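Encoded as structure tokens, the structure appears first; notes follow it.
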Amino acid sequence: MPVLPSLVLSLWSTSLTLLCTLMSSSWCKGRIRTYAAAVHWGQQLGSLRHGSVLPAHRAVLVARCDVMAAMFSGKYAEARSRVVPIHGVSSDTFLSFLEYLYTDTCCPASVLQAMAVLVCAEMYQVKRLQHLCEVCVCAYLQSMPSRELASTGISVIRLLRRAKCHNAEQLYVWLLHFIANNYLIFSHKPDFLELSEEEREQVERLRWPSRGYLQELSEYQQRRRKLKKSRCLVM
């Protein structure tokens with residue numbers, strides 16, 4: 001049996017009553033009890049990806065995810081199968097997804113992992129997890145100093161594309177403002193040209209430092225240089 005996080009393993013052998021106690025939502029409790037009455041509690045779901053198997057309780061997945069509730073309660077093949085293949089998601093990403101379903105927490109280790117979990121959450125329509133991943137991406141990027149932003153291999157422009165593709169509207173808007181606020185860093189990157197015309201106009205409108213600020217700064221520095229020269233001549 002593959003190694004799972006300790007909390008998931010403890011839940012694996014726990015009783016239905018204790019699991020319902022851990023799941024605070026009364027709606028979740030009701031759905032678990034209803035589904036467990038029809039399906040034996042020990043039955044498990046294995047998600048296959050590159051030969052790996054991730055065990056999970058069907059009742060928990062049904063209670064926590066509407067897409068899986070429909071998948072396991074309807075006339076689909078998954079409702080009768082003990083092992084269900086998961087396509088388009090890595091085992092690490094799906095394990096993080098399972099961790100959220102069991103614990104209601106999500107702690108991605110990096111920006112890219114947070115985006116991968118966000119895509120998985122959008123695939124299974126778990127809105128709260130999607131919003132948590134959006135917050136994680138914002139927090140990771142905000143914590144980067146300017147020097148690291150300039151040298152990092154993470155493409156913020158491509159993160160913007162993925163956010164738009166996977167309906168992460170809040171993250172999309174935030175990334176546009178983030179690019180505008182760090183204009184001097186991102187405008188020199190090759191992928192800056194991947195922005196659409198509308199996006200580039202918005203970034204140019206919100207950019208910092210603004211064109212007016214840079215022009216005034218240049219004029220101020222020129223006056224300072226002239227003033228220094230004039231003082232030298234007087235002396």
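Throughout, read-outs are computed from the coordinates displayed, never taken from laboratory work. As the structure is a prediction and not an experimental result, all values here were calculated from the model. Cβ placement follows ideal geometry from the backbone for every residue including glycine, while neighbour counts extend to all protein chains displayed.
Listed values, structure above:
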read-out: Residue order, fewest to most surrounding Cβ atoms within 10 angstrom, among GLU169, GLU78; value: GLU169, GLU78
read-out: Exposure proxy order (Cβ contacts within 10 Å, fewest to most) of HIS57, HIS177, HIS166; value: HIS177, HIS166, HIS57
read-out: Geometric extent, Cα atoms of the range 82-136 - Rg, Dmax (angstrom); value: 10.4, 35
read-out: Diffusion constant of the range 163-235 at 20 °C, which comes from Stokes-Einstein with the Kirkwood Cα-pair radius and 1.002 mPa s, µm²/s; value: 145
read-out: Per-selection Kirkwood Rh - the range 106-235 (Cα, Å, 1 d.p.); value: 16.8
read-out: Proxy reagent accessibility, fewest Cβ within 10 Å first, across GLU204, GLU134; value: GLU204, GLU134
read-out: C-alpha center-to-center spacing [the range 95-124, the range 140-177] in angstrom; value: 17
